[in-house]
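First comes the structure, then the notes that go with it.
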Amino acid sequence: MTDTPIPSLPTPALPAAAQPSTVVNQTSAGVLDQNLAALLALNTTQKKKRKSKAHLNAMKMRGELWPELDTSLLWDRTVNDGYSSIPRTLSLITNMIDDLAKKHTGKSAAAGKTYFALWCRVWDENMLTIENESVYAIESGYSGERNVTTWRQHMKVLQELGFIDTKEGAYGPYNFVLIYNPYLVLKKLKPQIPASYYQLLLQRAIEIGADGDLIDKPNKETK
């Protein structure tokens, strides 16, 4: 009589908790993403609340100081067209550019006005198409027979300092202009900027929440 082999039993399945699965990781990642999204939304809400409170306080004060104000005499961006989004620190930036330009060229060069005029023309793509240099020269405050020559000299300084980049075209050497993030440029040029100027810029940037490009983020320790 021969022994009949016993058929092998199927390997029992591991309990769900013991099975290696990517579901847990995916779920954890999903929770982290949700928490991050919630945190960002909270920060945005908090900023809106702060802005709303500041607006209400300013309106109250304006009402006290000018109780009979005719608001039609004011310029309101929510009503009036023809406005541009610019850095709130632009006045400080243009002054720094004038100082940097003087050090760069060895003579007084009001390139800050040229830079300001570019910002008054630029859209969200950060690029300008200049077809009439004379108009830009006049808007920058240069008049007379050498207005375009002076404007070009200051555009050259802005490019050499790193605030803009340019491409030649059918309308001249500055037919196309790209404006870089001024905070990143100034951070790179920090050794050439008086400490008091830079500290004032940093202080103002912190006040308006624009310090992210000026302050180095601490490196995370790797385990």
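One table, with the values for the structure above:
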{"quantity": "Extreme residue, nearest to Thr149 (Cα to Cα), among residues of the range 162-186 that are hydrophobic (A, V, I, L, M, F, W, C) and in a loop (DSSP other than H, G, I, E, B)", "calculated": "Ala170"}
{"quantity": "Selection status of Pro182, modelled with pLDDT of 95 or more and either within 19 Å of Lys113 (Cα to Cα) or not assigned by TED's automatic domain parsing to the domain that holds Gly106 (or both)", "calculated": "yes"}
{"quantity": "Neighbours by Cβ (under 7 Å, 6+ apart or cross-chain): first from the range 172-191, without any contact (Cβ under 8 Å) to a residue 12 or more places away in the chain; second part of a helix (DSSP H, G or I)", "calculated": "Lys190/Tyr198"}
{"quantity": "Selection status of Lys220, exposed (fewer than 12 other Cβ atoms within 10 Å of the Cβ) and either at pLDDT 95 or above or outside any helix (DSSP H, G or I) (or both)", "calculated": "yes"}
{"quantity": "Cβ pairs under 8 Å, 6+ apart, first in the range 199-217 and assigned to a loop (DSSP other than H, G, I, E, B), second hydrophobic (A, V, I, L, M, F, W, C) and surrounded by 11 or more Cβ atoms within 10 Å (Cβ to Cβ)", "calculated": "Leu214/Leu186; Leu214/Leu201; Leu214/Leu202; Leu214/Ala205; Ile215/Leu202"}
{"quantity": "Selected residue (criterion: surrounded by the fewest Cβ atoms within 10 Å (Cβ to Cβ)) from residues of the range 133-155 that are under 20 Å from Asp165 (Cβ atoms) and of a type in the set (S, T, N, Q)", "calculated": "Gln153"}
{"quantity": "Flag for Thr114 being within 24 Å of Asn175 (Cβ to Cβ), surrounded by fewer than 18 Cβ atoms within 10 Å (Cβ to Cβ) and in contact (Cβ under 8 Å) with a residue 24 or more places away in the chain", "calculated": "no"}
{"quantity": "Conditions (1) among the aliphatic types (A, V, I, L, M); (2) farther than 20 Å from Tyr197 by Cβ; (3) surrounded by 14 or more Cβ atoms within 10 Å (Cβ to Cβ): number failed by Leu161", "calculated": "(2)"}
{"quantity": "Cross-chain or 6+ apart pairs with Cβ under 6 Å, the range 127-153 first and in a helix (DSSP H, G or I) and modelled with pLDDT of 95 or more, then acidic (Asp, Glu) and surrounded by 17 or more Cβ atoms within 10 Å (Cβ to Cβ)", "calculated": "Val148/Glu133"}
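The values are calculated or read from the model by the stated rules, or taken from the named source; none is laboratory data. Just so it is clear, the model here is predicted, and its values are computed rather than measured. Every residue, glycine among them, receives a Cβ derived from its backbone with ideal geometry; neighbour counts consider all protein chains shown.
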